[in-house]
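Data block below; observations after.
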Amino acid sequence: MLARQMMLPRLALRAIHTTTRVAGGQEFYWGPAKAAGRELVGYGANGDNIYQDRLDYWYPAIRFRKEDSVIAPIRAKEQADWKNLSAEEKKLLYRYSFRQTLSEFEAPTGYWKVIGAVILSVLGLCTYYAVLLNVYVYPELPPTFQNEYKEAQVERALVLEKGQFLGAPTKYDYENQKWK
């Protein structure tokens with residue numbers, strides 16, 4: 001099953017955001033221009049120094065945020081024992097390194113409602129257009145489509161083809177006036 005981030009609704013609305021979509025299933029991508037000044041912490045998915053949230057490779061090459069005066073003292077505390085850090089400081093460290101957690105990354109967004117509304121609207125407009133064409137544009141059905149006309153055509157063909165040994169007359173009983 002495809003990850004939720006790779007499905008159509010997310011792709012359709014991703015164009016609205018300021019980030020760009022690149023191949024490989026990235027949810028969030030920053031190229032080198034936006035990544036300037038961020039700490040390099042690893043190799044990344046393919047060796048590029050870019051930040052990207054991905055489901056298949058969850059470890060970006062650089063940190064999500066730049067180093068500032070808020071995180072600098074916590075980073076110094078991070079070098080010592082982690083038991084000395086509070087839960088809020090650990091969360092802040094995480095948020096400076098990553099944009100979102102894995103559960104946030106995989107959370108449903110509700111875009112299916114927008115896509116469903118668009119599909120139903122298009123179907124409604126198509127139905128309205130078809131009814132409009134049937135009422136105002138197309139002519140009434142010709143008399144050749146009526147059952148009485150079709151039955152008369154069959155009787156005419158039976159009379160004209162009487163005596164032939166192939167086709168419909170071979171399956172018609174002319175004495176009793178009914179099909180065999």
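Miscellaneous remarks
- Of everything in the stretch 105-117 that is in a helix (DSSP H, G or I) and touching a residue at least 12 places away in the same chain (Cβ under 8 Å), the residue that is surrounded by the most Cβ atoms within 10 Å (Cβ to Cβ) is F105.
- Residues of the stretch 44-103 satisfying the condition of being at pLDDT 85 or above, surrounded by 13 or more Cβ atoms within 10 Å (Cβ to Cβ), among the hydrophobic types (A, V, I, L, M, F, W, C) and farther than 20 Å from K34 by Cβ: I74, L85, L92, L93
- Of the residues examined, Y29 is not one that is at pLDDT 75 or above and hydroxyl-bearing (S, T, Y).
- Of all residues assigned to the stretch 118-130, at least one qualifies as being more than 26 Å from the chain's Cα centre (by Cα) and either in a helix (DSSP H, G or I) or surrounded by fewer than 10 Cβ atoms within 10 Å (Cβ to Cβ) (or both).
- R75 vs. criteria in contact (Cβ under 8 Å) with a residue 40 or more places away in the chain and among the charged types (D, E, K, R): no
- Hey, A152 surrounded by 11 or more Cβ atoms within 10 Å (Cβ to Cβ) and without any contact (Cβ under 8 Å) to a residue 12 or more places away in the chain or not: yes
- Within the stretch 34-88, the only residue that satisfies the criterion of being of a type in the set (V, I, T), under 33 Å from the mean Cα position of the chain (by Cα) and under 13 Å from F98 (Cβ atoms) is I62.
- Residues being part of a helix (DSSP H, G or I) and surrounded by fewer than 10 Cβ atoms within 10 Å (Cβ to Cβ) - total across the stretch 164-180: 1
- One residue stands out among those in the stretch 131-163 that are in a helix (DSSP H, G or I) and among the small types (G, A, S): the one that is modelled with the highest pLDDT, which is A152.
The values are calculated or read from the model by the stated rules, or taken from the named source; none is laboratory data. Small disclaimer: the values here were computed from a predicted structure and weren't measured. Virtual Cβ from ideal backbone geometry, glycine too; neighbours counted across all protein chains shown.
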